[in-house]
Amino acid sequence: MKVEVRQGTVEETAADALVVNLFQGVEKPGGATGAVDGALGGLISRLAADGEIKGKDGEVTLIHTEGRLNVPRVLVAGLGKKEEFDWQKAAAAAAAAARKARGLGARKLATVIHGAGTGGLSPDRAAQAVVEGTILGLYEFRKFKTESDEDERPGIDELLLVEQDPAKLGAARDGAARGGLLGEVINETRDLVNSPGSEVTPTSLAECARDLALSNGLEVEILGPAELEKMGAGAILAVAKGSVQPPRLISLRYQAAGAPENLTLALVGKGITFDAGGISIKPASKMHEMKMDMAGAAAVLGAMKVVAALKPAVNVIGIVAATENLPSGTAVKPGDIAKTMSGLTVEILNTDAEGRLILADAVTYARKLGATHIVDLATLTGAVLVALGSLASGLVSNDEGLTDLVKKASELSGERVWPFPTYPEYKEDLKGEFADLKNVGGNGAGTIMGGLFIGRFAEGLPWVHLDIAGTAWNDKSGKVLGKGATGVGVRMMTELAFLMAARSAS
Ligand code: BES
Ligand code: MN
Ligand code: ZN
């Protein structure tokens, strides 16, 4: 989709549809909506006075202009209550309006920048929200659909943001560019996660990482079974044993000009391209959803792409451990003991607790590559869905400073996190009977146990674990995102990189 920010008035704007907005309870709109209202002889005010337009969140009202404007139709998007307004409401309004416009057959969509006027958002934040909301809201995973959906074809290919105030133009353009980048990258991330396990294998994920690195100026290294054997990555190899697909350990490096040398952020992603559970096999009912068990890996790749484009002044490494987890005659068995890259041995009591195994080696590898701070993203436990549903990612950490930064990044990105306690008694439950560790505890607290297992391999480096099993996938459509993959983590990790750069500069 082509995106442009243009200086001008709504009256002179030409497009297939024009989006304006209204806060809840406002009957006499001002600004651009007021101008459109004037051109339409007060129609919007009358509809608002009649209660037909309420300005509620998610509401989109279609008005035919009958030649009174340069657009055949106007969409009035509700922004909800003014006191509750924020950039996420702006993004949601843009998403709802864009979907409606597409349903009406619009190709070229013009819009005001929701929130940049009386909404009180800065023009860059508002423009980013509008562009990002539009791109994310229009996303569909149609790669495997052969029958076209008549209502929704051919789709919007041009988005025009109209801003009257020349003083806001520069900032609006910056925001729009950022929103365009993030929207596109998050949608690519969603594509990867929505794609079936037959398409996204450890090998294809590695190829995807290689392409991404080469076209974005990142260093890339891809290790296969022979190298993993040499490095003693016994945990990744154990999980991979049941599959004919060879595992991959992928690393991408972003080196920032002028970045502090004593600071390297590692983003580590769980890349199980399909999780059947292994010999501890999962029940059939929802097993197909386990194609999404590489959402952490996809988020890391997406974040690396955004970081490469936006260039924060901090070095960032992206690491992805990728393998399938399948049962077979060669699969790892409950009771087997794996020797991890760190040297620690693990008794594998449940082969379905595979994420923490591959991340153990990936985190050790992050240390070897010189990481000073580690954040891992993983669809690690069903238990996090019990605790938090799909509203927040579970956070487990060994470091308050890094936790605070991640919380800040979470607030800036709108991707929620919620910290779990890490009492020392929990760690007792990870001690193995026949090896140093065991991969499952026996006393509940599934999300904490999974996190703390991984944390054991950070060995004192500041580390944060984000369990995204609930947030990476939508069972039902939200205000911006539809069903399926959400691309969670891309935005938050980008914000984190900038926060680390800012903190080290101060
Ligand atoms: N990939 C799953 C976790 C998961 C569950 C992700 C639901 C997304 C939605 C993970 O590998 C797993 O199987 N975890 C087990 C751990 C248990 C065996 C300790 C679980 O949560 O049941
Ligand atoms: Mn599993
Ligand atoms: Zn898994």
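Scanning segment 362-372 finds one or more residues that are within 16 Å of ligand 2 (Cβ to nearest atom) and either more than 12 Å from ARG456 (Cα to Cα) or in the same structural domain as ASP475 (by TED's automatic domain parsing) (or both). Only one entry of GLU163, GLU219, GLU147 meets the criterion of being closer than 27 Å to ARG248 by Cβ and of a type in the set (D, E, K, R), and that entry is GLU219.
Taken residue by residue, segment 423-435 has at least one member that is away from ligand 1 (no atom under 16 Å from the Cβ), out of contact with any Pro (no Cβ under 9 Å at 6 or more places or on another chain) and of a type in the set (Gly, Ala, Ser). Looking at segment 316-339, which of the residues that are crowded, with 24+ Cβ neighbours inside 10 Å and away from ligand 2 (no atom under 16 Å from the Cβ) is nearest to THR381 (Cα to Cα)? Filtering first and then ranking leaves VAL320.
Against the conditions (1) open to solvent by 10 Å² or more (accessible area, probe 1.4 Å); (2) within 16 Å of ligand 2 (Cβ to nearest atom); (3) out of contact with any Pro (no Cβ under 8 Å at 6 or more places or on another chain), GLY296 satisfies every one except (1). Please determine whether any residue of segment 361-380 is hydrophobic (A, V, I, L, M, F, W, C), within 11 Å of ligand 1 (Cβ to nearest atom) and open to solvent by 10 Å² or more (accessible area, probe 1.4 Å). Scanning segment 361-380 turns up at least one residue that is hydrophobic (A, V, I, L, M, F, W, C), within 11 Å of ligand 1 (Cβ to nearest atom) and open to solvent by 10 Å² or more (accessible area, probe 1.4 Å).
Working only within segment 193-227, note down all residues that are in contact with a strand residue (DSSP E or B) (Cβ under 6 Å, 6 or more places away or on another chain) and in a helix (DSSP H, G or I). Please lay out each step first, then the result.
First pass over segment 193-227, keeping only residues in contact with a strand residue (DSSP E or B) (Cβ under 6 Å, 6 or more places away or on another chain): 193-194, 197, 200-202, 205-206, 209-210, 213, 218-223.
Answer for segment 193-227, where residues must be in contact with a strand residue (DSSP E or B) (Cβ under 6 Å, 6 or more places away or on another chain) and in a helix (DSSP H, G or I): VAL193, ASN194, PRO202, LEU205, ALA206, ALA209, ARG210, ALA213.
For segment 460-477, what are the residues that are open to solvent by less than 30 Å² (accessible area, probe 1.4 Å), of a type in the set (A, V, I, L, M, F, W, C) and within 14 Å of ligand 3 (Cβ to nearest atom)? Within segment 460-477, ILE468, ALA469, ALA472 meet the criteria. Among the residues of segment 314-341, those that are more than 16 Å from ligand 1 (Cβ to nearest atom) and either under 23 Å from ALA206 (Cα atoms) or among the basic types (Lys, Arg) (or both) comprise ASN315, VAL316, ILE317, GLY318, ILE319, LYS339, THR340, MET341.
Just give me the residues in segment 1-31 being open to solvent by 40 Å² or more (accessible area, probe 1.4 Å) and either touching a strand residue (DSSP E or B) at 6+ places or on another chain (Cβ under 7 Å) or polar (S, T, N, Q) (or both), in sequence order. Within segment 1-31, MET1, LYS2, VAL3, GLU4, ARG6, GLN7, ASP16, GLN24 qualify. Within segment 130-150, residues that are outside the structural domain of VAL20 (by TED's automatic domain parsing) have Cβ atoms under 6 Å from residues that are polar (S, T, N, Q) in no pair, counting only partners at least 6 apart in sequence or on another chain.
Pairs meeting the criteria (first residue in segment 29-55 and in the same structural domain as ARG73 (by TED's automatic domain parsing) and farther than 17 Å from LYS82 by Cβ, second residue open to solvent by 30 Å² or more (accessible area, probe 1.4 Å) and assigned to a helix (DSSP H, G or I), beta carbons under 8 Å, at least 6 apart or on different chains) are ASP37/LEU43. Residues in segment 248-305 that are within 16 Å of ligand 3 (Cβ to nearest atom) and assigned to a helix (DSSP H, G or I): MET287, HIS288, GLU289, MET290, LYS291, MET292, ALA295, GLY296, ALA297, ALA298, ALA299, VAL300.
The requirement of being open to solvent by less than 50 Å² (accessible area, probe 1.4 Å), closer than 16 Å to VAL20 by Cα and in a helix (DSSP H, G or I) is fulfilled somewhere in segment 48-56, by at least one residue.
The values are calculated or read from the model by the stated rules, or taken from the named source; none is laboratory data. This is a predicted model, so every value here is computed, not measured. Note: ideal-geometry Cβ built from the backbone for every residue, glycine included; neighbour counts use all protein chains shown. SASA here: full protein model, heavy atoms, side chains in, ligands and nucleic acids out. Shrake-Rupley method; radii C 1.70, N 1.55, O 1.52, S 1.80 Å.
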